[in-house]
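The values are calculated or read from the model by the stated rules, or taken from the named source; none is laboratory data. Computed from a predicted structure; not experimentally measured. Here the Cβ positions follow ideal geometry from the backbone for every residue, glycine too, while neighbour counts run over all protein chains shown.
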Amino acid sequence: METKEILKLESTALQIRRNILRLIKAGEAGHIGGALSSVEILTSLYFNILRTDPKNPGWKERDRFVLSAGHKCLVLYATLAEKGFFEKSILDTYGALDSKMPGHPNMHKLPGVETNTGALGHGLSIASGMALGFKIDKSSAKVFALMGDGELAEGSNWEAASAASMHKLDNLVVFVDRNRLQISGPTVEVMSYEPLDERWRAFGWGVRIIDGHNIETIIETVNQAPFEKGKPSVIIADTVKSKGISFAEARVDFHYWKSKPEEIELAERDFDNIEEQLKIKIKEAGI
Ligand SMILES: Cc1ncc(C[n+]2csc(CCOP(=O)(O)OP(=O)(O)O)c2C)c(N)n1
Ligand SMILES: [Mg+2]
């Protein structure tokens, strides 16, 4: 990929982080950790990979994105807003009773949300059903899903994983956001599913392990899918929970953040620093 394109996507990722903070400011709380760890994944999907049309969210041939770990909704809302699915002012309604952006995504309220999620362990079944439907319809549309690593403790996922490989759903690409934490502690201590790559392979999937914050790697990896002929693909993305907010990074107590105004200010300063670094990179690249 061209440096210019990568830096543009990194700037978009920063803007999505700023949108997430705007949501937190409005609602004064939210699932920040898993939202921030998956910013680069959603940036790559919505700004490079997915065939979507924000002005026509119901376009039949569009690719589908299923946010299986629905509590990560802040990153979905922030990305859809950045992509132009709706006015950014809606971000300021987060936390209000009648908001189109509830604590878990609702497809009947907000354009661009493909399915309702929040109860963990259902998204992979939904995504597999969509992918099977596209096969039956002989559609070229693809299905992408994002799961949390803690979410994998739900047994229903493994039933869906078996079905997806049995039905040869090579039009399905799943990300596991491996930030190594879930709600109450490290995933390996709460309910370990390591080694994840071997487990997915045993269930009949093509597997890649990547740096989940490297946009170029994410895009190049997705472009290689299906990784194995006739198999669904899973990308295990190694990430840092709360990535971008220095005082919250890799801390389980920031799974859900009840924010204080002075913490918001600190987070804004972190984002300003990221912006400064990006400006230097852009200058160095002569863009
Ligand atoms: C069926 C179900 N059980 C429990 C919960 C409560 N819950 C919300 S988030 C979470 C932890 C998820 O961890 P992970 O999938 O690793 O998400 P991330 O680290 O990306 O935030 C739990 C247990 C839920 N939403 N659904
Ligand atoms: Mg996790």
*asked:* Please go through region 228-263 and give me each residue that is surrounded by 14 or more Cβ atoms within 10 Å (Cβ to Cβ), away from ligand 2 (no atom under 14 Å from the Cβ) and in a helix (DSSP H, G or I), ordered by number.
replied: Glu263
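To keep it simple, each residue is scored yes or no on (1) surrounded by fewer than 24 Cβ atoms within 10 Å (Cβ to Cβ); (2) within 16 Å of ligand 1 (Cβ to nearest atom); (3) free of Cβ contacts under 8 Å to residues at least 12 places away in the same chain.
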position	(1), (2), (3)
Leu23	no, yes, no
Ile41	no, yes, no
Thr52	yes, no, no
Glu61	yes, no, no
Gly70	no, yes, no
Leu74	no, yes, no
Gly84	yes, no, no
Thr93	yes, no, no
Met101	no, no, no
*Go through the residues of region 101-115 one by one and say whether even a single one is closer than 21 Å to Ile235 by Cβ and not charged (D, E, K, R).*
yes
*Can you name the condition, by its number, that Leu146 falls short on among (1) within 16 Å of ligand 2 (Cβ to nearest atom); (2) surrounded by fewer than 24 Cβ atoms within 10 Å (Cβ to Cβ); (3) within 25 Å of Lys60 (Cβ to Cβ); (4) aliphatic (A, V, I, L, M)?*
(2)
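This table checks each residue for (1) within 15 Å of ligand 1 (Cβ to nearest atom); (2) within 17 Å of the chain's Cα centre (by Cα); (3) closer than 22 Å to Glu40 by Cα.
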| site | (1), (2), (3) |
| --- | --- |
| Gly212 | yes, yes, yes |
| Val252 | yes, no, yes |
| Lys260 | no, no, no |
| Ile264 | no, no, yes |
| Glu268 | no, no, yes |
| Ile282 | no, no, yes |
| Ala285 | no, no, yes |
*Show the residue pairs that are 6+ apart or on different chains and have beta-carbon atoms under 8 Å apart, the first residue being within region 232-255 and without any contact (Cβ under 8 Å) to a residue 60 or more places away in the chain and under 30 Å from Ala164 (Cα atoms), the second being part of a loop (DSSP other than H, G, I, E, B) and hydrophobic (A, V, I, L, M, F, W, C).*
none
*For region 16-43, which residues satisfy the criterion of being among the aliphatic types (A, V, I, L, M) and over 15 Å from Thr239 (Cα atoms)?*
Ile16, Ile20, Leu21, Leu23, Ile24, Ala26, Ala29
*Please work out if Asn56 is away from ligand 1 (no atom under 16 Å from the Cβ) and over 19 Å from Ala160 (Cβ atoms).*
yes
*Could you please let me know if Leu80 is closer than 20 Å to Val222 by Cβ and either buried (at least 19 other Cβ atoms within 10 Å of the Cβ) or within 16 Å of ligand 2 (Cβ to nearest atom) (or both)?*
yes
*Starting from residues that are within 16 Å of ligand 2 (Cβ to nearest atom) and in a loop (DSSP other than H, G, I, E, B), keep the ones in region 160-191 and report whichever is farthest from Lys243 (Cα to Cα).*
Met191
*Kindly indicate which of Leu91, Leu45 is within 17 Å of the chain's Cα centre (by Cα) and of a type in the set (A, V, I, L, M, F, W, C).*
Leu45
*Evaluate region 214-232: report whether one residue or more is within 16 Å of ligand 1 (Cβ to nearest atom), touching a helix residue (DSSP H, G or I) at 6+ places or on another chain (Cβ under 8 Å), of a type outside the set (A, V, I, L, M) and at pLDDT 95 or above.*
no
*Of everything in region 121-137 that's hydrophobic (A, V, I, L, M, F, W, C) and either buried (at least 19 other Cβ atoms within 10 Å of the Cβ) or not in a helix (DSSP H, G or I) (or both), which residue is farthest from ligand 1 (Cβ to nearest atom)?*
Phe134
